[in-house]
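The block underneath contains the structure these notes are about, expressed in structure tokens.
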Amino acid sequence: MISNNYKGFIYLLHPTPELWTLVLPHRTQILYIADISFITTYLDMKPGARVIESGTGSGSFSHSIARTIAPTGKLFSFEYHLERATLAKQEFQDHGLGDMIQLEHRDVCKNGFGLVDTVNAVFLDLPAPWEAIESAKAAFKQHRTGKICTFSPCIEQVARTVTALNDHEFVEITMYECLIRSHGVIPLHKIDFSEALEEAKLNALAGVTNTRKRKLLEGVEEETDADGLSTAVETLLVSKTPEEARGHTSYLTFATFLPAIQESVEMPLVTKETVVEVIKEVEATK
């Protein structure tokens, strides 16, 4: 569409959770795409899933979960801070997610989730996630496998959470850290050792620099050969990563909830008459 001053154009983008994550009002630390995509995949979220999220915070992850579990899924979101809960609930209503996201102002560490045999996955972004593990276990569908993830910035929190997960018989406990590492691609001239040595001797005698190599490293395009073939066929593309990998937000601890095993197995009822009939059949075969 044309801008208001008629001097340019404005591109209108369809709203997505990714765009909302970039522009939302930050009430708390939020999750970004790298962590969101990893958690969503590992917790096996899909259309129709029922998920617990605590705490809601700025609602960044809530929007991504809602899109993933739509149209028949349900997100139970919990936030212990009243003002944040009120603002997030209004945003969900404004964005048409009010029916899919059930937001409750609640301290789950003290009062639990109030859900039993209900959800497929649990995500905990809490200062003390280990205090909510017991209630989370009860909230899982008890006869189906479930996944849980905790988002903790400190390794001490991870240690206490792992202890709680072990105490409540969760399995496959694993911790991950998402780091962003960029790869720069540069072209290098293909040359063997003997050729490189000979070229170095010639350059030393002539007192010139290897301008061709410099151009390649600077990304300057070379002229084509007389035959119309580019000298790019003599180059090799390599990738280079920075020495430092930035992007740490928090540690992601995952675990698996195993379904309950029925302890009592009903045995067929054996009566006196049945025993007598079996004895007669055995004697008749002698």
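The values are calculated or read from the model by the stated rules, or taken from the named source; none is laboratory data. What you see is a predicted model, and the numbers here were worked out from it, not measured in a lab. When we count neighbours, we look across all protein chains shown, and the Cβ atoms used for this are built from the backbone with ideal geometry, even at glycine. Areas reflect the complete protein model, heavy atoms only, side chains present, ligands, DNA and RNA absent. Shrake-Rupley method; radii C 1.70, N 1.55, O 1.52, S 1.80 Å.
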*Where residues in region 83-126 are open to solvent by less than 20 Å² (accessible area, probe 1.4 Å) and assigned to a helix (DSSP H, G or I), which of them is nearest to F254 (Cα to Cα)?*
V108
*Please report, ordered by residue number, the strands (runs of 3 or more DSSP E) entirely within region 128-196 with at least 2 residues that are touching an Asp or Glu at 6+ places or on another chain (Cβ under 8 Å).*
146-152
*Residues within region 21-42 that are of a type in the set (S, T, N, Q), within 14 Å of S62 (Cβ to Cβ) and either assigned to a helix (DSSP H, G or I) or open to solvent by 70 Å² or more (accessible area, probe 1.4 Å) (or both), tallied*: 2
*Hey, could you check region 171-194 for residues that are open to solvent by 90 Å² or more (accessible area, probe 1.4 Å), of a type outside the set (V, I, T) and over 30 Å from A159 (Cα atoms) and say which is modelled with the highest pLDDT?*
H183
_For the condition outside any loop (DSSP other than H, G, I, E, B) and at pLDDT below 95, what is the one hit in E53, E18?_
E18
*Any chance you could count how many residues in region 158-203 are in contact with a strand residue (DSSP E or B) (Cβ under 8 Å, 6 or more places away or on another chain) and of a type outside the set (A, V, I, L, M)?*
13
